[in-house]
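Below is one structure; the comments refer to it alone.
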Amino acid sequence: MTEPVRLSKRMSELGLSSRREADDWIAKGWVRVDGKVVSELGSKVLPHQKITVERQAAAEQSKRVTVLINKPVGYVSGQAEDGYKPAVTLIKPENRWPDDPSPEQFHPTQLRSLVPAGRLDIDSVGLLVLTQDGRIAKQLIGENSAVDKEYLVRVQYTKPGTLPDADLKKLNHGLWMDGKPLLPAKVRWQNEDQLSFTLREGRKRQIRRMCDMVGLKVLGLKRVRIGKVKLGDLPPGQWRYLRPDEQF
């Protein structure tokens, strides 16, 4: 016998919505299970049952925006802290990239519940995603996220000579952090002082700590890609909308 699960959890698993969104739709009577409206929060379903949502839910979801920003140094990804401003404060008409191809019009309501899907340290720069869409947030930062992220990292070797090949191999696979092994990464030299890191996880200050373990000092760190979405020519401090044809 398969155990019943909460309807909102099942909707999130199916990629229909985030859990919070699902609860909102259930309360509004926009969710049907096997054709019948279910409006009681906490209702449970079996995996084989068919879940559908009303058109209003899809319409509301389609209005949600996702924004890409080239975060400069000195901005935090999420909540304001220690006098530093969050990256969302840069999302205003005058900072929109003039070459943004999206026909989307900016409206202040788009700033409501626009949250970072992942983080970049205050001293790191590059691609940061802010979204109102719970499905995208789950895709990028959910426990089972398979979306890789690519970084360009300027480094200086703090020991005599150059970084041994054995230590480059360790950066690719073999290091431990906080008592757990790191997932395999792709780390390779771009030029004599810059490495490319491609990761599928994002522990706090992970790249800086990895470099530190093999005697490399990080001088600069820039995220250039998340999944199939690239930073491209987006200038520092400017933003654009995620295009309809772009997917992570």
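Summing Lys and Arg as +1 and Asp and Glu as -1 over all other residues whose Cβ lies under 11 Å from the Cβ of residue 224 gives a net charge of +4.
Using a 1.4 Å probe over the heavy atoms of the protein chains, calculate the carbon and sulfur portion of the accessible area of the chain as a whole percent.
Carbon and sulfur: 49 percent of the exposed surface of the chain.
Taking Lys and Arg as +1 and Asp and Glu as -1, the other residues whose beta-carbon sits under 14 Å from that of residue 132 total +1. Over 17 Å, how big is the tail of the calculated P(r) for the range 82-196, in percent of all Cα pairs? Distances greater than 17 Å cover 71 percent of the Cα pairs. By the helix-only formula, in which each DSSP H run with n ≥ 4 contributes -39500 (n - 2.57) and the sum is divided by residues, the chain has a 222 nm mean residue ellipticity of -5000 deg cm²/dmol.
For the chain, a crude dipole built from +1 on the beta carbon of Lys and Arg and -1 on the beta carbon of Asp and Glu, taken about the Cα centre, is about 340 debye to the nearest 20.
Given the chain, what percent of its DSSP beta bridges are antiparallel, to the nearest 5? Don't jump to the answer; show the numbers that get you there.
Numbers: 43 of 47 bridges.
Expressed as a percentage, antiparallel bridges in the chain total about 90.
Fraction of C-alpha pairs exceeding 15 angstrom in the range 136-193: 64 percent, rounded to a whole number.
Put a plus charge on the Cβ of each Lys and Arg, a minus charge on the Cβ of each Asp and Glu, and nothing anywhere else: the dipole of the range 1-82 about its Cα centre is then about 300 debye.
Using the 1.4 Å probe convention, the accessible area of the chain works out to 57 Å² per residue with neighbouring protein chains retained. Look at the dipole of the range 34-105 built from charges on Cβ: of 74, 43, 97, the Cα furthest out on the positive end belongs to 43.
With coordinates expressed along the principal axes, the C-alpha atoms belonging to the range 1-135 extend over 53, 31, 21 Å, beginning with the largest.
Report the percentage of all Cα-Cα pairs in the range 1-64 whose separation exceeds 16 Å, rounded to a whole percent. Of the Cα pairs, 36 percent sit more than 16 Å apart.
The values are calculated or read from the model by the stated rules, or taken from the named source; none is laboratory data. Remember, predicted model here, so these are calculated numbers, not experimental data. Cβ sites come from the backbone with ideal geometry, for glycine too, and all protein chains shown count toward neighbours. In case anyone asks, the SASA skips ligands and DNA or RNA and just uses the protein heavy atoms, side chains included. Shrake-Rupley method; radii C 1.70, N 1.55, O 1.52, S 1.80 Å.
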